[in-house]
């Protein structure tokens, strides 16, 4: 399929009109995230029936009409692992695509590996080989080479055939509603994550006390504000391991902080008073104002049940041809056990993931029945790809 490169707002206007009018639109982007606070958009790839268009954001000043068209209700937007595409749309248009179809998620719902890469999925379902020679390219540089343009066009050209092929499988398995539910949940989680403070994601902080977590939170907030102001990746401002070390030491003296290995960098020495103030602010909090711990004390019994039910989940998902790690992780299984046994679920504000929606239909009820002794597992055939069998004990 031929492709066009759009570098003017006049040409983009025509593309935007077509995007708004089509029933299905495929979307991909190329971006660079190593140097700025937010990923820098460098290329937009769009496929509609019979046409592939590449839009150069570095040549077109106003992209808002295009993103408005993507967000226009009435069509489905097809992406693969499309978190950044949704973020670009939200940042520009103030709203996400109204209907989203992520081929990576959909592939898991028809029994393929999850997560799986675009090239692997194209090869598996379309029998085509894609070339990934430009995966490490610097998309900020201009002019784009013919190889870069061909690679970028290829990244979107097969999304519509993938959408059609996977859609047929979803319909045949009766899982179209599962996909709609998963996309709605995915978008809700994405929206919530944009406003949620992600200081608990600081690597190495999970074992800290509540007071130490308060220090992590203050330093994380300072780092985010500084990274935004300087338009730098947050971890280039202050590494996670240094945040954790400052939290563990609980010292608010700039001289003592400056003696920590790793803080000798010139730009960090200039902000030692600010780091000290963050620590002091956290340590001055009352105990009630410390963040709650999300550590869950797991008994030996719960650990054993988690291992047992995780095996049951994996086996049952293979039988039903749905990716087990899309359905849920061991942590999700443990959360279901906690809910079933009325155990504490620190930090949880929603019911266990496996207890609702299509996941309950797939495995949630089965795991509940296993916990209640209503279902037993036996070895059906040790040499089989599906060696386990589930039998009801109340039949």
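The values are calculated or read from the model by the stated rules, or taken from the named source; none is laboratory data. None of the values given here were measured: they were computed from a predicted structure. Neighbour counts run over all protein chains shown; Cβ positions are idealised from the backbone, glycine included.
Taking the range 120-143 as the range and being modelled with pLDDT under 90 and either buried (at least 16 other Cβ atoms within 10 Å of the Cβ) or assigned to a helix (DSSP H, G or I) (or both) as the test, the residues that pass are 130, 134, 137.
Within 18 Å of residue 188 (Cα to Cα), in contact (Cβ under 8 Å) with a residue 12 or more places away in the chain and in a loop (DSSP other than H, G, I, E, B): does that describe residue 73? For residue 73, the condition - within 18 Å of residue 188 (Cα to Cα), in contact (Cβ under 8 Å) with a residue 12 or more places away in the chain and in a loop (DSSP other than H, G, I, E, B) - is met.
Given the conditions (1) closer than 21 Å to residue 207 by Cβ; (2) at pLDDT 95 or above, report the number of the one that residue 272 does not fulfil. Among (1) closer than 21 Å to residue 207 by Cβ; (2) at pLDDT 95 or above, residue 272 violates only (1). Quick check: is even one residue across the range 169-184 more than 25 Å from residue 313 (Cα to Cα), crowded, with 16+ Cβ neighbours inside 10 Å and under 23 Å from the mean Cα position of the chain (by Cα)? No: the range 169-184 contains no residue that is more than 25 Å from residue 313 (Cα to Cα), crowded, with 16+ Cβ neighbours inside 10 Å and under 23 Å from the mean Cα position of the chain (by Cα).
Is there a residue in the range 188-199 that is surrounded by 15 or more Cβ atoms within 10 Å (Cβ to Cβ), within 24 Å of the chain's Cα centre (by Cα) and in a helix (DSSP H, G or I)?
Checking the range 188-199: at least one residue is surrounded by 15 or more Cβ atoms within 10 Å (Cβ to Cβ), within 24 Å of the chain's Cα centre (by Cα) and in a helix (DSSP H, G or I).
Condition first: farther than 17 Å from residue 326 by Cβ and touching a residue at least 24 places away in the same chain (Cβ under 8 Å). Now tell me which residues in the range 181-195 satisfy that. Correct list: 191, 194.
Criterion applied to 305, 320, 309, 268 was being within 23 Å of residue 199 (Cβ to Cβ) and either more than 23 Å from the chain's Cα centre (by Cα) or not assigned by TED's automatic domain parsing to the domain that holds residue 371 (or both), and the one residue passing it is 268. Does the range 119-130 contain any residue that is within 29 Å of residue 14 (Cβ to Cβ) and touching a strand residue (DSSP E or B) at 6+ places or on another chain (Cβ under 9 Å)? The answer is no; no qualifying residue exists.
Among the residues of the range 100-129, not one is more than 11 Å from residue 81 (Cα to Cα), under 18 Å from the mean Cα position of the chain (by Cα) and without any contact (Cβ under 8 Å) to a residue 60 or more places away in the chain.
Say we look at the range 42-70 and pick out the residues that are free of Cβ contacts under 8 Å to residues at least 40 places away in the same chain and part of a helix (DSSP H, G or I); which of these is surrounded by the most Cβ atoms within 10 Å (Cβ to Cβ)? By that ranking, first place goes to 67.
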